[in-house]
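All of the numbers you see were taken from the coordinates with simple rules; none came from a lab. Remember, it's a predicted structure, so these values are computed and weren't measured experimentally. Every residue, glycine among them, receives a Cβ derived from its backbone with ideal geometry; neighbour counts consider all protein chains shown.
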Amino acid sequence: MLKIEGLTAAVDGKPILKGIDLAVPAGEVHAVMGPNGSGKSTLAYVLAGREGYEVTGGSATWDGLDLLALEPEERAAAGLFLAFQYPVELPGVGNATFLRTALNAIRRARGEPELDAMQFLRLARERLRALSMPEEMLKRSVNVGFSGGEKKRNEILQMALLRPRLAVLDETDSGLDIDALRIVADGVNAMRGPDFTALVITHYQRLLDHIVPDRVHVLVGGRIVRSGGPELARELEREGYAALQAQAA
Amino acid sequence: MPAVNETLETVQSVTQGTYKWGFETDIEMEFAPKGLNEDIIRFISRKKGEPEWLLEWRLRAFKAWQAMSEPRWAAVKYPPIDYQDAYYYAAPKRRPKSLDEVDPELLKTYAKLGIPLKEQEWLAGVTTSPDGTARAPVAVDAVFDSVSVATTFKERLEKDGIIFCSISEAVREHPELVRRYLGSVVPPADNFYSALNSAVFTDGSFVYIPKGVRCPMELSTYFRINAKSTGQFERTLIIAEAGSHVSYLEGCTAPMRDENQLHAAVVELVAHDEATIKYSTVQNWYPGDAEGRGGIYNFVTKRGACRGARSKISWTQVETGSAITWKYPSCILQGPDSVGEFYSVAITNNFQQADTGTKMIHLGPRTRSTIISKGISAGHGQNTYRGLVRISPKAVGARNFTQCDSLLIGDRCGAHTVPYIENRCMSAKVEHEATTSRIAEDQLFYCRSRGLSEEDAVGLIVNGFCREVLKELPMEFAVEAQKLLQISLEGSVG
Ligand SMILES: Nc1ncnc2c1ncn2[C@@H]1O[C@H](COP(=O)(O)OP(=O)(O)O)[C@@H](O)[C@H]1O
Ligand SMILES: [Mg+2]
């Protein structure tokens, strides 16, 4: 279970998260929705441990483990995965090398044997097929020259390989056409089960037609202002955030 | 050269653990008396049983050297070197007559360095790459301090008419070739260090590839400085006859000491019509400790002459070691349509200083050159790319492309790019691109969020930065070079 209590965080000394309370029981998928600038990515970065995102109060635990006390790589080893809103380019670093290095780092941390190049390639091909991605994705430099959609799919490929127990997907739907959206959603749905917990951050309800969440939370101005079932997403789609923003202000 | 001369105990205590080649071999050695004078040169020449002409050649070089002064234009700083306070000859006392007689201590030394000197071991596939696959055999010339202690696969290579031996042996067995080519690319008085090397050079490798022969395996020389207070003055000469092809690799390591030791090498390459020489270096001399004590001064003159039409010389270097690197592997492009290439990765961490680059001298028509330089600075490291592209009036249609990229890790290091372009030919085209970047915080975070430690993340990003150069290395060595880059940067983050 992911448990966030009274979490506050600042960037450049400016308070962004103003007291987040959120609990995602193991095996559930929750959506976090909210207007631009409401602090969705900040929440994701704080959970993943990005430098410069200063936690000023509260806690975040994962199955009782204090996430905030860990280095980013230790959080990854504990099973956390963040799909970036803006995936980062690594010039000259082959996607296959990157994925294998990451997978082996995680496997090492879990006490599992590392995969050699051949074993990795077999696994990667299988995952690529499942995501309808071409194999040449592996040969290119990480995210360099990728289209917006390719970058997002590459994030899902990483998730499918690393098999996290807790995933935070930050606007993985933005910039995707409907086919790509379905592929991404299928990728997430394929992982659903008692050992997979996820926080799906999105601006639009569209994604949630494909990944039906157990709960929906609305983040406005650094606070969760409403929570509800999947129907809340459709309500927001109809009525927009304006009313909630006015209420929060 | 020993700025500080302390006891072995002190030396061992400064071991900071990241330089994994810093051990010493305990073996009975023979030294020339300390210092540098004509008698020492006669001593060296006598030890090697050299002909009179070579002794004369050395003495002329020594005279020239005495009249010269150390170059000071490079962007490196070091205390004055006392050339009299060093040994110019150090050799293991027991000299093997064949591979089977090589001192077991030496075999152990090279085995520890990952360089088997037993041909059977290569052939049996005992030697494996870091990824566990069997490596293709590589012929090795092992130079230990002042002498070559073993050369492998000589007989196999002789079948193709290839000569691969120490330069000392070449002087004895193939004097006509040595006499014709020695100093023909780098004249003894070319510069201060080449003159010093010409006077006192002790050993190095000699390669001769006959007409039309494609060398069937990688050739390599492994240089090891072991003795204290000893300079290493290697001399390497590679000749590729018309239509031949050779790929040669040089590797270097030294024990960790808190004195500075001098390595002043001269390497000459000659490529005739349509010949190709690929020369790769993985330089890993002891770089000094984290405070900048000790390390090798690597003052090297490397030059290749593309004498024939459509000949090609390609230098690839991965420079991770040495306290100071002063080195400009160059190409003289004489033959029409000849090609020169320089691919370089230079890393400076802690207090290392590197002033390195190349010279591409275009003399013949339609000659082409490519320069790709990747400089990485971390800690207090200072990294300078210095490159000359000269196009003579006769080099019509000549082309050069230069790309210099610098990567900074931390904010106490420096990167400098000093390109000199002298174009005296209207129809020539010279392009120069340069970038300086830092490892971005978002790149590090992205990698760490995938489970990579900060150091592994830096290693991965740096290897990506160097990919264009690393892909030029022979497959066999690329993996090792990648590991080396990572090790060299240990302690540079966090
Ligand atoms: N690195 C940063 N530097 C300065 N301000 C930032 C930074 N990241 C986010 N912010 C600010 O924090 C607020 C929330 O941003 P963000 O978490 O990206 O929102 P969302 O993902 O919901 O669009 C915004 O006002 C944004 O300007
Ligand atoms: Mg965002």
Non-local amide H neighbours of A:GLU171 (under 5 Å, H modeled in plane, Pro and chain starts lacking H): which ones? A:ILE201, A:THR202
Asserting the computed 222 nm helical MRE of the protein assembly as shown (DSSP H runs at least 4 long, -39500 (n - 2.57) per run, divided by residue count, to nearest 500) equals -8000 deg cm²/dmol
Would you mind ranking B:TYR248, A:TYR204 so that the residue whose beta carbon has the fewest other beta carbons within 10 Å leads the list? A:TYR204, B:TYR248
Based on the alpha carbon coordinates of the range A:33-113, what radius of gyration and maximum Cα-Cα distance (Dmax) apply, in Å? 14.6, 43
Unit charges at the beta carbon, dipole of the range A:1-104: most positive-side option, A:PRO91, A:GLY6, A:ALA26: A:PRO91
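How big is the Kirkwood radius of the range A:123-249, worked out from every pair of different alpha carbons and given in Å to one decimal? Show your work: numbers first, answer last.
Numbers: mean 1/r = 0.0630 Å⁻¹.
Across the range A:123-249, the inverse of the average 1/r is 15.9 Å.
Work out, step by step, the length gained on full extension between B:LYS47 and B:ILE421: first 0.36 nm times the residue separation, then minus their alpha carbon distance; give nm to one decimal. Let's see the in-between values first.
Values: separation 374, 0.36 × 374 = 134.64 nm, distance 4.48 nm.
Length difference between fully extended and current span is 130.2 nm.
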Looking at the protein assembly as shown, what % of its DSSP beta bridges pair antiparallel, to the nearest 5? 20
Quick check on the exposure proxy: order B:TYR343, B:TYR181 from fewest to most C-beta atoms within 10 angstrom. B:TYR181, B:TYR343
Which percent of Cα-Cα pairs in the protein assembly as shown sits in each 10 Å bin, short to long? 3, 13, 21, 21, 16, 11, 9, 5, 1, 0
Once amide H atoms are built 1.01 Å from N in the peptide plane, which residues 5 or more positions from A:VAL93, or in another chain, come under 5 Å H to H? A:VAL142
Hey, rough spin-label estimate for A:ARG140 and A:ALA69, points 7 angstrom out along Cα→Cβ, what's it come to in nanometres? 4.2
Relative contact order computed over chain A (Cα-Cα under 8 Å; 6+ residues apart), in percent: 28
Grab the eigenvalues of the alpha-carbon gyration tensor for the range B:349-399, scale each by 5, take roots, and send me the semi-axes largest first in whole angstrom. 32, 9, 5
Quick one: helix A:178-191 against the long Cα principal axis of chain A, what's the angle to the nearest 10°, folded into 0 to 90? 80
Pop out the ³J(HN,Hα) list for the range A:82-98 in order, Karplus 6.51 cos²θ - 1.76 cosθ + 1.60 with θ = phi - 60°, rounded to Hz; leave Gly and Pro as x. 10, 8, 6, 5, 10, x, 8, 8, 10, x, x, 8, x, 4, 5, 4, 4
With 0.36 nm assigned to each residue of separation and the Cα-Cα distance removed, B:ARG72 to B:LYS108 gains 8.9 nm
At q = 0.16, 0.17 Å⁻¹, what log₁₀ I(q)/I(0) does the range A:2-248 have when each alpha carbon counts as one equal point scatterer in the Debye sum? -1.22, -1.36
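Given a Förster distance of 41 angstrom, what is the FRET efficiency for B:LYS471 paired with A:ARG107, based on the Cβ-Cβ distance and rounded to 0.05?
Numbers: r = 27 Å, r/R0 = 0.67.
Efficiency computed from Cβ-Cβ geometry: 0.90.
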Compute the relative contact order of the range A:180-244 as a whole-number percentage, counting only Cα pairs closer than 8 Å that sit 6 or more residues apart in sequence. 27
For the range B:352-443, the Kirkwood Rh over every pair of distinct alpha carbons, in Å, works out to 14.1
Expected sort for B:ASP442, A:ASP177 with the fewest Cβ neighbours (10 Å cutoff) up front is A:ASP177, B:ASP442
For peptide A:68-76, the mean count of other chain Cβ atoms within 10 Å per residue Cβ is 4
If r is the Cβ-Cβ distance from B:LYS429 to B:ARG156 and R0 is 60 Å, what FRET efficiency results, to the nearest 0.05? 0.85
Taking 25 Å as R0, compute the FRET efficiency from the Cβ-Cβ separation of A:GLU235 and A:HIS210 and round it to 0.05. 0.85
Taking Cα pairs under 8 Å and at least six residues apart, what relative contact order does the range B:226-345 come out at, in percent? 25
The protein assembly as shown - charge dipole about Cα centre, Lys and Arg +1 at Cβ, Asp and Glu -1, debye rounded to 20: 1720
Using 7 Å Cα-to-Cβ label points, what is the A:SER227/A:ARG125 separation (nm, one decimal)? 4.6
Checking the cross-link filter: which lysines have an alpha carbon closer than 21 Å to that of B:LYS302, excluding same-chain neighbours under 8 positions apart? B:LYS278, B:LYS312, B:LYS327, B:LYS359, B:LYS374
Mind listing the long-range amide H neighbours of B:GLY288? Cut-off is under 5 Å, sequence gap 5 or more, other chains count too, H placed in the peptide plane at 1.01 Å from N. B:GLY295, B:ILE296
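Classify the range B:259-368 as rounded, prolate or oblate from the Cα gyration tensor: take a ≥ b ≥ c as the square roots of its eigenvalues, call it rounded if a/c is under 1.5, otherwise prolate when a/b beats b/c and oblate if not. Walk me through the numbers before you get to the answer.
Numbers: a/c = 3.24, a/b = 2.87, b/c = 1.13.
The shape class here is prolate.
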Which one, A:ILE156, A:LEU82, B:LEU262, projects farthest toward the positive side of the charge dipole computed for the protein assembly as shown from Cβ point charges (K/R +1, D/E -1)? B:LEU262
